[in-house]
Amino acid sequence: MIDEIIKDADKRMKKSIEALKHEMDKMRTGRANASLLDHVTVEYYGSQVPLSQVGTISVQDARTLSISAWDKSAIPAIEKAILNSDLGLNPVTAGEVIRVPLPPLTEERRKELIKVVRGEAEKTRVAIRNIRRDAKQSFKDLVKEKSISEDEEHRAEERVQKITDGHIASIDKLLDAKESEMMEI
């Protein structure tokens, strides 16, 4: 019973960290990354579809993404979707290929993005602490039901705390790496 609660808490904490990694990948650093356009949706034959479903996104060089549309008629819709996204990018069409140059970030904009990244990291820390709280509550409920002793509860809480500390440390490591990446010119 205790092991199941701990495994569940650990799994949920790992999912929170994966979500943080996904959010951090979307953050623009001035370096081209295909995942930057993951959340862009294109109006295609009357429905909104992810950009990755209407073309191939590839990294051309450190500051340029290229998109090859599978359907030539979708090129104007792709351009419009990128322009309307909140990324501040200006696509350039050259025949059948859309190039998206990434402008260099100003230091002020970099600092704003770092604040956003720190906020996301803090949200993930809070989520992990909430998972820890839920696990501890489950242990308390088991003690009330007399399914486990208070000593077992204490040992289980220590195990959950160690797992929590490990995940918080990995969040801090991710945050440090992203901050240093963002401050590179």
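Just so you know, all these numbers are worked out from the coordinates, no wet-lab data involved. Predicted model only: the values in this text are computed from it and were never measured. When we count neighbours, we look across all protein chains shown, and the Cβ atoms used for this are built from the backbone with ideal geometry, even at glycine.
Things worth noting here:
- Within the listed set THR106, THR124, THR164, the Gaussian network model of the chain (springs between alpha-carbon atoms below 10 Å) gives the highest mean-square fluctuation for THR106.
- C-alpha center-to-center spacing [region 125-166, region 50-85] in angstrom: 47
- Electrostatic tally near THR93: other residues with Cβ closer than 11 Å to its Cβ, Lys and Arg +1, Asp and Glu -1, net 0.
- Computed [θ] at 222 nm, helices only, for the chain once each DSSP H run of length n ≥ 4 contributes -39500 (n - 2.57): -20500 deg cm²/dmol
- When each of LYS11/LYS178; LYS80/LYS111; LYS11/LYS115; LYS80/LYS173 is checked by Cα-Cα distance, pairs over 30 Å: LYS80/LYS173
- Acute angle (nearest 10 degrees) that the helix 2-26 long axis makes with the longest principal axis of the chain, alpha-carbon atoms: 20
- At 1.567 mPa s and 4 °C, Stokes D of the chain from Kirkwood alpha-carbon radius, µm² per second: 67
- Each 5 Å bin from zero holds the following percent of Cα-Cα pairs in region 34-101: 3, 19, 34, 29, 12, 2, 0.
- Region 86-185, Cα convex hull volume normalised per residue, Å³: 144
- For the chain: relative contact order, % (alpha-carbon pairs under 8 angstrom, 6 or more apart): 24
- Full extension of the chain between ASN33 and GLU181 gives 52.0 nm of extra length, using 0.36 nm per residue less the Cα-Cα distance.
- Linear extension gain, ARG63 paired with VAL143, 0.36 nm per residue minus alpha-carbon span: 23.1 nm
- Cα→Cβ-extended label distance, 7 Å offset, between THR106 and ASP172, nm: 3.4
- Whole-number percent relative contact order across region 34-101, with pairs defined as alpha carbons under 8 Å at least 6 apart: 28
- Straight-distance crosslink candidates among lysines, where the alpha carbon sits under 19 Å from LYS146 and sequence neighbours closer than 8 are dropped: LYS136
- Under the convention that each Lys and Arg Cβ holds +1 and each Asp and Glu Cβ holds -1, the size of the dipole of the chain around its Cα centre is about 200 debye.
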